[in-house]
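What follows is a single structure, written as structure tokens, with notes after it.
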Amino acid sequence: MYQGGTMAHGVELHGLELHELKQLVRTLGEAEYRANQLFQWLHLHRVTDWAAMTNIPKNLRQQLAAVASLPSFSILRTLEDPEDGTTKLLISLPDGEKVECVLMIYGRGGAAKRLTACLSSQVGCPIGCSFCATGQGGFRRNLTAGEIILQVVALQHHLEGRVNGERISNVVFMGMGEPLLNCEAVLKARRILMHPQGWGIGHRRITISTCGVVPQIKRLALETPPPELAISLHATTDAVRNRLVPLNRRYPLGELLAACREYAQVTGRRITFEYVLIKGINDSPADADRLAWLVQGTLAYINLLVFNPVPGLRFQAPAMEDVRAFAGRLRQRGVEVAVRESRGCRIGAACGQLRAEGV
């Protein structure tokens, strides 16, 4: 079992941006450049104990340890899909809560083209989508920015030595939870991941997904640079979406699509609409026609996903020929669309399957 960090107390260092670290070291009577060194140890070298920070004076390390923490976490379980190489980690947090995160490898055989970390933003999820495993267990709490970053640390530690020394190149906030109900922590983690002195992940390689928290979509447009945005749509009528995504009762399709059009206009960014096809629920030719109409006039791209089985749920995936027909109907109406490969479904790591069950 991989162990990272120490007992949690005080300021959570992994969740501090560089300017906050500078403020911290100034209060300890040290020069600002020590903050740069500290930031690099945390996010470039990804150390999880004080002793590894060899160019930080011992007395400063002792001062930091007295007021700050390197949060503890344990990897309780590691599962790897034997066919596509997707890895899922079950992580225990300092308070005993558990989250799952996923590493997806695209382009195998030699250097990977893309290494994508799928991160959780909450313990559980308050949305309760009827086809998703995460919401079935309810909502426990938000994750801190530091706990979000530590998922990337854990995935990178797992990766090292396995894929030609590659580093995580992409991040998607599509794990457990609704990212925009923990918006400030998610955005803070995004800024830390983008910083060139640390992870250095480009802003176009970090995607934030939402079921449609309309006020926070407007909040995202204020970020510089604005995030890549994915909308978990999954239905073309309010009646069906109310059933699949209960948040729709608060922010119905008309309001959500208006916010998306505004976001695209303000930011100039294309929005990805995620659409899980469920047999007999949202996969008809009429649904394809309505979907094309809904995104008309918006900088939009459709990702079609096939429902992944979840124990206890009776939903079924449509036949692949029906999926291809649905995609073809969208293309005929001028919509950019892709059928997304379901990765990690054999280990419960695919879309809608994360639930952080105990070992």
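General observations
- Considering each residue of region 102-118 in turn, at least one proves to be within 17 Å of the chain's Cα centre (by Cα) and closer than 26 Å to residue 246 by Cβ.
- Candidates 181, 150, filtered to the one that is of a type in the set (A, V, I, L, M) and either over 30 Å from residue 312 (Cα atoms) or within 12 Å of the chain's Cα centre (by Cα) (or both): 150
- Scan region 18-64 for residues that are out of contact with any His (no Cβ under 9 Å at 6 or more places or on another chain), among the aliphatic types (A, V, I, L, M) and more than 19 Å from residue 156 (Cβ to Cβ) and the total you get is 9.
- Residue match in region 112-129 (condition: outside any helix (DSSP H, G or I) and modelled with pLDDT under 85): yes
- Taken as a whole, region 323-343 holds at least one residue that is modelled with pLDDT under 95, assigned by TED's automatic domain parsing to the domain that holds residue 136, surrounded by 15 or more Cβ atoms within 10 Å (Cβ to Cβ) and touching a Ser or Thr at 6+ places or on another chain (Cβ under 9 Å).
- Residue tally, condition of a type in the set (A, V, I, L, M), part of a strand (DSSP E or B) and surrounded by 21 or more Cβ atoms within 10 Å (Cβ to Cβ), over region 213-237: 2
- When we screen 164, 142 for residues that are assigned by TED's automatic domain parsing to the domain that holds residue 98, modelled with pLDDT of 95 or more and surrounded by fewer than 23 Cβ atoms within 10 Å (Cβ to Cβ), the only hit is 142.
- Criterion violated by residue 113 - all others in (1) in contact with a Phe, Trp or Tyr (Cβ under 9 Å, 6 or more places away or on another chain); (2) among the basic types (Lys, Arg); (3) under 23 Å from residue 186 (Cα atoms) satisfied: (3)
- Within region 196-210, the set of residues being surrounded by 16 or more Cβ atoms within 10 Å (Cβ to Cβ) and over 16 Å from residue 272 (Cα atoms) comprises 198, 199, 201.
- Close pairs (8 angstrom Cβ cut-off, 6 or more residues apart or separate chains): of a type in the set (Phe, Trp, Tyr) in region 25-44, in a helix (DSSP H, G or I) anywhere: 39/18; 39/21; 41/52
- Checking the stated criteria, residue 275 turns out to be in contact with a His (Cβ under 7 Å, 6 or more places away or on another chain) and of a type in the set (Ser, Thr, Tyr).
- Residues of region 277-311 satisfying the condition of being under 21 Å from the mean Cα position of the chain (by Cα) and within 26 Å of residue 219 (Cα to Cα): 300, 301, 302, 303
- Verdict on residue 274 being out of contact with any strand residue (DSSP E or B) (no Cβ under 9 Å at 6 or more places or on another chain) and not aliphatic (A, V, I, L, M): no
- Taking the listed residues 270, 241, the one that is in the same structural domain as residue 319 (by TED's automatic domain parsing) and either at positive phi or surrounded by fewer than 16 Cβ atoms within 10 Å (Cβ to Cβ) (or both) is 270, with no other qualifying.
The values are calculated or read from the model by the stated rules, or taken from the named source; none is laboratory data. Quick caveat: nothing in here was measured; it's all calculated off a predicted structure. Cβ coordinates were reconstructed from backbone atoms using ideal geometry, including for glycine residues, and neighbour counts include every protein chain displayed.
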